[in-house]
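What follows is a short report on a single structure.
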Amino acid sequence: MVRALAQQTDIRLDDVEQRLCANMDDRPPGTQVDLLVIHSISLPPGEFGGPWIDDLFMNRLDPEAHPYFREIQDLKVSCHLLIRRDGQAVQYVPLNRRAWHAGVSSFCGRDSCNNFSIGIELEGSDDQPFTDAQYTVLARVTREIVALYPSISRSRITSHAAIAPERKTDPGPHFDWRRYLNSIDPGLA
Ligand SMILES: [Zn+2]
């Protein structure tokens, strides 16, 4: 019964490919989701278009396919949404559940940001611009997320680098925050 109820309340975005992965669990009871974290990822680092990001989230990354994959093959990670270079969006974790994207992290004095955040990965790297298609789709899904979770104000949209500054740099210097934030509903507080 409880399982059935949990299934019914899973929040999935329309017009987004659904590929549920195993790297998720429940948020702590009563948690208010009020933070959006923007990431970037590329596998192998700096290369786009392969199946490897999906393989990582689906726990089937081939350690023989690239030397770097041996280092990360045992990682259990995920995100709520991945936006590929061509703007294709894939949802790996329902928004109401906890994705494993932030790791050791802190926002305004609250640790463990996975508990209360939604994580979006852009296929990208620290040294290349993101694509127009990615900005377009990111704006659309952000509007949908903010409509579902009104506590995510403009000041509560942040980067992985900001919540884990010792470990992370993503989405990196090429992510155009002004373009992104201006593309969201201007009424966003
Ligand atoms: Zn990240």
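The values are calculated or read from the model by the stated rules, or taken from the named source; none is laboratory data. Fair warning: this is a prediction, and the values are worked out from it, not measured in the lab. Here the Cβ positions follow ideal geometry from the backbone for every residue, glycine too, while neighbour counts run over all protein chains shown. The protein model used for the area step is the full one, side chains on, heavy atoms only, and it has no ligands, DNA or RNA in it. Shrake-Rupley method; radii C 1.70, N 1.55, O 1.52, S 1.80 Å.
Just to be sure I understand the filter: pairs with C-beta atoms under 6 Å, separated by 6 or more residues or on different chains, first member in the range 59-81 and assigned to a loop (DSSP other than H, G, I, E, B), second member open to solvent by 80 Å² or more (accessible area, probe 1.4 Å). Which pairs pass?
Pairs that qualify, where the first residue is assigned to a loop (DSSP other than H, G, I, E, B) and the partner is open to solvent by 80 Å² or more (accessible area, probe 1.4 Å), are 63/70.
Got at least one residue in the range 137-148 being surrounded by fewer than 14 Cβ atoms within 10 Å (Cβ to Cβ) and within 16 Å of the ligand (Cβ to nearest atom)?
Checked the range 137-148: no residue is surrounded by fewer than 14 Cβ atoms within 10 Å (Cβ to Cβ) and within 16 Å of the ligand (Cβ to nearest atom).
Scan the range 74-90 for residues that are under 12 Å from residue 24 (Cα atoms) and away from the ligand (no atom under 11 Å from the Cβ) and jot them down. Please lay out each step first, then the result.
Pass one, the range 74-90, residues under 12 Å from residue 24 (Cα atoms): 76-80.
Hits for the range 74-90 are 76, 78, 80.
Could you tell me whether residue 93 is within 16 Å of the ligand (Cβ to nearest atom), β-branched (Val, Ile, Thr) and open to solvent by 30 Å² or more (accessible area, probe 1.4 Å)?
no
How many residues are open to solvent by 40 Å² or more (accessible area, probe 1.4 Å) and either within 13 Å of the ligand (Cβ to nearest atom) or aliphatic (A, V, I, L, M) (or both) when one looks only at the range 33-48?
Matching residues across the range 33-48 total 1.
Among the numbered criteria (1) within 16 Å of the ligand (Cβ to nearest atom); (2) out of contact with any Cys (no Cβ under 6 Å at 6 or more places or on another chain); (3) farther than 24 Å from residue 48 by Cβ; (4) open to solvent by 10 Å² or more (accessible area, probe 1.4 Å), which single criterion is violated by residue 111?
(1)
Does residue 155 qualify as being open to solvent by less than 20 Å² (accessible area, probe 1.4 Å) and either of a type in the set (Ser, Thr, Tyr) or farther than 26 Å from residue 32 by Cβ (or both)?
So residue 155 does not fit the description; no.
Is it fair to say residue 52 is crowded, with 16+ Cβ neighbours inside 10 Å, within 12 Å of residue 118 (Cα to Cα) and touching a helix residue (DSSP H, G or I) at 6+ places or on another chain (Cβ under 8 Å)? Before you say what the answer is, go through the steps one by one.
On the way: crowded, with 16+ Cβ neighbours inside 10 Å: yes; within 12 Å of residue 118 (Cα to Cα): no; touching a helix residue (DSSP H, G or I) at 6+ places or on another chain (Cβ under 8 Å): yes.
For residue 52, the condition - crowded, with 16+ Cβ neighbours inside 10 Å, within 12 Å of residue 118 (Cα to Cα) and touching a helix residue (DSSP H, G or I) at 6+ places or on another chain (Cβ under 8 Å) - is not met.
In the range 76-113, how many residues are over 16 Å from the mean Cα position of the chain (by Cα) and farther than 20 Å from residue 159 by Cβ?
So the answer is 1.
Inspect all residues belonging to the range 138-153 and state whether any of them is touching a helix residue (DSSP H, G or I) at 6+ places or on another chain (Cβ under 6 Å), part of a helix (DSSP H, G or I) and more than 21 Å from residue 16 (Cβ to Cβ).
No; the residues of the range 138-153 include none that is touching a helix residue (DSSP H, G or I) at 6+ places or on another chain (Cβ under 6 Å), part of a helix (DSSP H, G or I) and more than 21 Å from residue 16 (Cβ to Cβ).
Against the conditions (1) under 30 Å from residue 46 (Cβ atoms); (2) of a type in the set (Asp, Glu); (3) over 16 Å from the mean Cα position of the chain (by Cα), where does residue 170 fall short? Just the number, please.
Result: residue 170 passes all but (3).
Within the group 167, 85, which residue is part of a loop (DSSP other than H, G, I, E, B), in contact (Cβ under 8 Å) with a residue 60 or more places away in the chain, open to solvent by 40 Å² or more (accessible area, probe 1.4 Å) and basic (Lys, Arg)?
167
Answer with yes or no whether residue 30 is of a type in the set (Gly, Ala, Ser) and more than 16 Å from the ligand (Cβ to nearest atom).
yes
Run down 157, 184 and say which single residue is touching a residue at least 40 places away in the same chain (Cβ under 8 Å) and away from the ligand (no atom under 16 Å from the Cβ).
That would be 184, the only listed residue that is touching a residue at least 40 places away in the same chain (Cβ under 8 Å) and away from the ligand (no atom under 16 Å from the Cβ).
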